Ligand SMILES: [Zn+2]
């Protein structure tokens, strides 16, 4: 006896059908099978009948039939067995070989009888057809609804669906603040992964609303993941737009028939449904577009700069070949001395490579120019730096205060509930007391964590801190060479003022033409001498030999 309902939802809600399916066991006994010979195969509850490979119950049924253990296969409707024509016919064939009968609510079938076989074949074709029409009808329905901007399968983080079906911004201030923080930090750090690191380092969590299991709608704090941050930055809802069909499905694997390769966010211009100004927004549409552009630039493609990485070279992603106009690749050799080289000749099968230049030579020139350009801003920088550090600290302390506030509220609520219960109701009182204790424990934990955080990062800057920031930022050169400044920091400083650096790496001379294109459009010309491998590569080689 085979029992299956397509989705876990149906298993939970469609009791009637489930009970009728199980009642078949008694029917089998009435037909004369002894109770111990009736086997209920119900492992496939909640699985779709589309494919058999994830339905262990159907596989078991097939095995039992082909071992000649089965007299009759019972199902309420035979379409429950399989909605795939191929699998269905396979089962009928096997039943025919081992003289196994099939039975549904309409009758008993013998797979060897030509009339029964015809009927079974038609039932199978109908059932497959039914599945496809059902699927198409559902899909068309949801597309129509999405076109009107009314279909919400899951509401993203930072939004809530009211019982009336309206989508509102997260009512909890702290949870809403975290979403805003993600956007603010992305503007500052310009990389999704950097935002993720910032949240983790500062022990900040995102507020999720439970949407399954018990306590649906309750707020839960969970640490972020890089992909979560990325999907917040990619989702148009945060700019107030309704979007449908945001992901490109992975390609189908012919072996398993399932899509693989993860989901990809489509760029806004390719979205099937995009309706602006539909929902409460966290950022403006322009900022959303700017963020998408930044995310695209962060990818290391040939036409983009790529996000700055941790290597020692200062200019990866910024150096452009003066001969062919392509971005030059950074190559780290075994001795760790990096160089920039143009690999265009590999792609276009040119005979002569455009050339390469040692990274140190070019980096020193650009660093020197950048420091010169930044000098006039030093005084303002020192003031702004202190202001920024203080703002940043205030923000972190605000987050902590909200966490503590939440913990206090939980304790107060648990306490009220405990006192509100009648003393005779001892069992309830005991549960509530445990919950109160638990809330108190959590509050103490949060307070201790906060104190630990305070010793690491006091709310205000000390006099010594201020002096150190001032003296460092008064001299950009000192800041540049300070031991706390990493290669990544230097790259970010360069990217604040330099758009790209074009270099003509000429083999016939040690002098290379360098053009720095500054952000805002200005350009400066430079000439840099690079170390060469042989005398032939010197500019004055001929004069030298003469
Ligand atoms: Zn080139």
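The values are calculated or read from the model by the stated rules, or taken from the named source; none is laboratory data. What you see is a predicted model; the values in this text were computed from it and never measured. So basically every Cβ, Gly included, is an ideal-geometry build from the backbone, and we count neighbours across all protein chains shown.
So, of the residues in region 1-16 that are more than 19 Å from residue 100 (Cβ to Cβ) and modelled with pLDDT of 70 or more, which turns out to be surrounded by the most Cβ atoms within 10 Å (Cβ to Cβ)? The residue in question is 5.
Taking the options 57, 71, 49, name whichever one is modelled with pLDDT of 85 or more and in the same structural domain as residue 131 (by TED's automatic domain parsing). Before you say what the answer is, go through the steps one by one.
On the way: 57 fails: modelled with pLDDT of 85 or more; 49 fails: modelled with pLDDT of 85 or more.
The match here is 71.
Does at least one position in region 455-464 carry a residue that is within 36 Å of the chain's Cα centre (by Cα) and on the phi > 0 side of the Ramachandran plot? No - not one qualifying residue is present in region 455-464.
Taken over region 318-341, the residue count meeting the criterion of being in contact (Cβ under 8 Å) with a residue 60 or more places away in the chain and under 33 Å from the mean Cα position of the chain (by Cα) is 5. Being away from the ligand (no atom under 16 Å from the Cβ) and either in contact with a helix residue (DSSP H, G or I) (Cβ under 9 Å, 6 or more places away or on another chain) or under 16 Å from residue 505 (Cβ atoms) (or both) is a property that residue 363 has.
Would you check if residue 422 is in the same structural domain as residue 450 (by TED's automatic domain parsing) and over 27 Å from residue 446 (Cβ atoms)? Before you say what the answer is, go through the steps one by one.
On the way: in the same structural domain as residue 450 (by TED's automatic domain parsing): yes; over 27 Å from residue 446 (Cβ atoms): yes.
So residue 422 passes the test.
When region 495-524 is filtered for residues that are touching a strand residue (DSSP E or B) at 6+ places or on another chain (Cβ under 6 Å) and farther than 25 Å from residue 190 by Cα, the ones remaining, listed by number, are 503, 504, 505, 510, 511, 512, 513, 514, 515, 524. If you go through region 183-216 and keep only what is in contact (Cβ under 8 Å) with a residue 24 or more places away in the chain and touching a strand residue (DSSP E or B) at 6+ places or on another chain (Cβ under 7 Å), you end up with 205, 206, 207, 208, 209. Of the residues making up region 277-299, those that are in a loop (DSSP other than H, G, I, E, B) and surrounded by 15 or more Cβ atoms within 10 Å (Cβ to Cβ) number 5.
If only residues of region 317-346 that are within 11 Å of the ligand (Cβ to nearest atom) and part of a strand (DSSP E or B) are counted, the one that is farthest from residue 361 (Cα to Cα) is 327.
Scanning region 144-166 for residues that are in contact (Cβ under 8 Å) with a residue 60 or more places away in the chain and over 22 Å from residue 224 (Cβ atoms) returns 146, 147, 149, 151. Residue 390 - would you say it is in contact with a helix residue (DSSP H, G or I) (Cβ under 6 Å, 6 or more places away or on another chain) and part of a helix (DSSP H, G or I)? Here the answer is no, as residue 390 does not meet what is asked.
Checked against the criterion of being over 17 Å from residue 158 (Cα atoms) and at pLDDT 90 or above, region 200-214 contains one or more residues that satisfy it.
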